[in-house]
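To start, the structure under review is shown below, and the notes come after it.
The values are calculated or read from the model by the stated rules, or taken from the named source; none is laboratory data. Values in this document were obtained by computation on a predicted structure and should not be read as measured data. Positions of Cβ are generated from backbone atoms using ideal geometry, with glycine treated the same way; all protein chains shown enter the neighbour counts. These accessible areas exclude ligands, DNA and RNA; they are computed on the full protein's heavy atoms, side chains included. Shrake-Rupley method; radii C 1.70, N 1.55, O 1.52, S 1.80 Å.
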Amino acid sequence: MADPTKVMLDEAEIPTQWYNIIPDLPEPPPPVLHPGTHQPVGPDDLAPLFPMQLIGQEVSQDSYVDIPGEVLDIYRMWRPSPLYRARRLERLLDTPARIYYKYEGVSPAGSHKPNTSVPQAFYNAQEGVKKLTTETGAGQWGSALAFACAQFGLECEVWQVRASYDQKPDRKTMMAVWGATVHPSPSDVTEAGRKILAEDPDSPGSLGIAISEAVEVAAQDPDTKYSLGSVLNHVLLHQTVIGEEALLQFRKIGEMPDLLVGCTGGGSNFSGLSFPFLREKLAGKIDPTIRCVEPAACPSLTKGEYRYDFGDTIGMTPLVKMHTLGHDFVPDPIHAGGLRYHGMAPLVSHIYELGLVEAEAIHQNECFDAAVKFARTEGIVPAPEPTHAIAAAIREANRCKESGEEKVILTALCGHGHFDLKSYEIYLAGELVDYDYPEDKVAAAMEQVPVVAGA
Ligand SMILES: Cc1ncc(COP(=O)(O)O)c(C=O)c1O
């Protein structure tokens, strides 16, 4: 087809397997360690929090994992998702670059997050779990898990980061519509939350704090397990349906991206889009540049140290080797709540250390400026998180204007911003603040990071 605006696939073309990149990497990622012994954790250490099927996927050495039929049935509600060519944006920028975006805002929750919430709820329901607890930063993950729990008859309890709870009351209502219970985090219903509130009653919260609260509640009840919306290997695995579809869509139009850009909070939408392309790159078939984009206020990849740290603030999770700003670092309340995480997925961190991907950090005013350009041309109002990827795509398209290069750029538009309009209101009023890299706060947080001998 000549010059399509959007590239669609048939339902029959939804991938039937998730792609696991680990066996294709030149070196295996470092093991997850027990916080007490500093020895690699085994399945029994993780069993109080996760069902066995997901623990198996976390450590799987198989290149592909079959997607259960029950999960595919639900994926069909919105998948395959469209791949758009951003022609109107290209015209505005007057660039010779060709910009594409894979749009995940078509899911019921409005983002890529149901790609993993649905299988997570499915495997938990299969193993007899009654309730899932979780954190949410942007409100997107909590909504996605609430939706998935409703599909499988599970209870759902969500800790929503305070800054996001106050900025986005409608996300809370959406979760309640799907039957979930929502607390602002830090909350007074957990020991972790009470400890943080005692130190700082006005804490804006962070993903790390909300994770501590959700983990605490799950660990105390044998019928309850915990569900994480990013960071872990099995989450990244589930998201690869995005990239597999995108590869197929590019093949249909006889194009291939020269550059992939994705925003990185915990790393799941970025990995979902890029890992299938990285597989092709490692096999020598294509050679795109792959770039992570993170907020300047919380730059774990570009400024964090690569070392073992806790996934949560209180220190209840196992130790994972990742780029970290320190587990008790509380980022400034930027509007991209889903990017306010102190660490990065261990797998993304490992791949970054291997030099297979690059990273840059951008301030939020440039991101909202890019988002408004995007909305006025392409129509879709992006969630604050992917505005980082859009800003990076625009930077590159402007460079192409200078050089005359006809680069093909692919980005993940991983969610819409219909519940984020307050942030746009603040931006349009000229009141959005850029936060600089908080060197002192990070240095203080890094002092609390445990020292693991020989790592
Ligand atoms: C729309 C959206 N994009 C991106 C993210 C960041 O997470 P990840 O890096 O795992 O995709 C979030 C997290 O909440 C989100 O809601």
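Annotations for the structure displayed:
- Among (1) of a type outside the set (F, W, Y); (2) in contact with a His (Cβ under 7 Å, 6 or more places away or on another chain); (3) open to solvent by 30 Å² or more (accessible area, probe 1.4 Å) - the single one L54 does not satisfy: (3)
- Every listed requirement among (1) modelled with pLDDT of 95 or more; (2) within 16 Å of the ligand (Cβ to nearest atom); (3) not small (G, A, S) is met by K422 save one, (1).
- Checked against the criterion of being in contact with a strand residue (DSSP E or B) (Cβ under 7 Å, 6 or more places away or on another chain), closer than 25 Å to L432 by Cβ and open to solvent by less than 10 Å² (accessible area, probe 1.4 Å), the candidates G193, G205 yield just one match: G205.
A quick yes/no check of all residues on (1) assigned to a helix (DSSP H, G or I); (2) open to solvent by 10 Å² or more (accessible area, probe 1.4 Å); (3) among the hydroxyl-bearing types (S, T, Y); (4) away from the ligand (no atom under 16 Å from the Cβ):
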{"position": "G128", "(1), (2), (3), (4)": "no, yes, no, yes"}
{"position": "L132", "(1), (2), (3), (4)": "no, no, no, yes"}
{"position": "G142", "(1), (2), (3), (4)": "yes, no, no, no"}
{"position": "L145", "(1), (2), (3), (4)": "yes, no, no, no"}
{"position": "A150", "(1), (2), (3), (4)": "yes, yes, no, yes"}
{"position": "Q160", "(1), (2), (3), (4)": "no, no, no, no"}
{"position": "A163", "(1), (2), (3), (4)": "yes, yes, no, no"}
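- Residues of the range 212-238 that turn out to be in contact with a Leu (Cβ under 8 Å, 6 or more places away or on another chain), part of a helix (DSSP H, G or I) and within 26 Å of S274 (Cα to Cα), as a count: 4
- Any hit, the range 211-221, residues being within 16 Å of the ligand (Cβ to nearest atom) and either within 23 Å of the chain's Cα centre (by Cα) or open to solvent by less than 20 Å² (accessible area, probe 1.4 Å) (or both): yes
- Residues (among the hydroxyl-bearing types (S, T, Y), in a loop (DSSP other than H, G, I, E, B) and either surrounded by 15 or more Cβ atoms within 10 Å (Cβ to Cβ) or under 21 Å from the mean Cα position of the chain (by Cα) (or both)) located in the range 57-87: S60, S81
- Within the range 315-351, being among the small types (G, A, S), assigned to a loop (DSSP other than H, G, I, E, B) and either open to solvent by less than 10 Å² (accessible area, probe 1.4 Å) or over 23 Å from P204 (Cβ atoms) (or both) holds for G326, A336, A345.
- Considering (1) within 15 Å of the ligand (Cβ to nearest atom); (2) touching a Leu at 6+ places or on another chain (Cβ under 7 Å); (3) open to solvent by 40 Å² or more (accessible area, probe 1.4 Å), the lone condition that K373 does not fulfil carries the number (1).
- Which listed residue, of S268, S230, is on the phi < 0 side of the Ramachandran plot, near the ligand (Cβ under 9 Å from one of its atoms) and open to solvent by 10 Å² or more (accessible area, probe 1.4 Å): S230
- Of all the residues in the range 99-122, those that are assigned to a helix (DSSP H, G or I) and open to solvent by less than 10 Å² (accessible area, probe 1.4 Å) number 8.
- Residue within the range 397-413 that is part of a helix (DSSP H, G or I) and either within 16 Å of the ligand (Cβ to nearest atom) or surrounded by fewer than 13 Cβ atoms within 10 Å (Cβ to Cβ) (or both) present: yes
- L325 being aliphatic (A, V, I, L, M) and in contact with a helix residue (DSSP H, G or I) (Cβ under 6 Å, 6 or more places away or on another chain): yes
- Scanning the range 354-364 turns up at least one residue that is in a helix (DSSP H, G or I) and closer than 24 Å to A383 by Cα.
- Figure legend. Inter-residue proximity from the range 358-375: first residues closer than 16 Å to Y437 by Cα, second residues open to solvent by 40 Å² or more (accessible area, probe 1.4 Å), beta-carbon distance below 7 Å, spacing 6+ or different chains. Indicated pairs: A359/T302; A359/Y352; E360/T302; A361/T302; H363/D434; Q364/D434; N365/D434.
- Annotation note: of A361, A383, A389, the sole residue that is touching a His at 6+ places or on another chain (Cβ under 9 Å), open to solvent by less than 10 Å² (accessible area, probe 1.4 Å) and of a type outside the set (V, I, T) is A383.
- For beta carbons closer than 8 Å, sequence separation of 6+ or different chains, a first residue in the range 247-264 that is more than 16 Å from the ligand (Cβ to nearest atom) and a second that is at pLDDT 95 or above and among the hydroxyl-bearing types (S, T, Y), the qualifying pairs are F250/Y100; E255/Y100; P257/Y100; D258/T289; L259/T289.
- Of all residues in the range 434-455, those satisfying the criterion of being without any contact (Cβ under 8 Å) to a residue 24 or more places away in the chain and either assigned to a loop (DSSP other than H, G, I, E, B) or open to solvent by 90 Å² or more (accessible area, probe 1.4 Å) (or both) are E439, D440, V451, G454.
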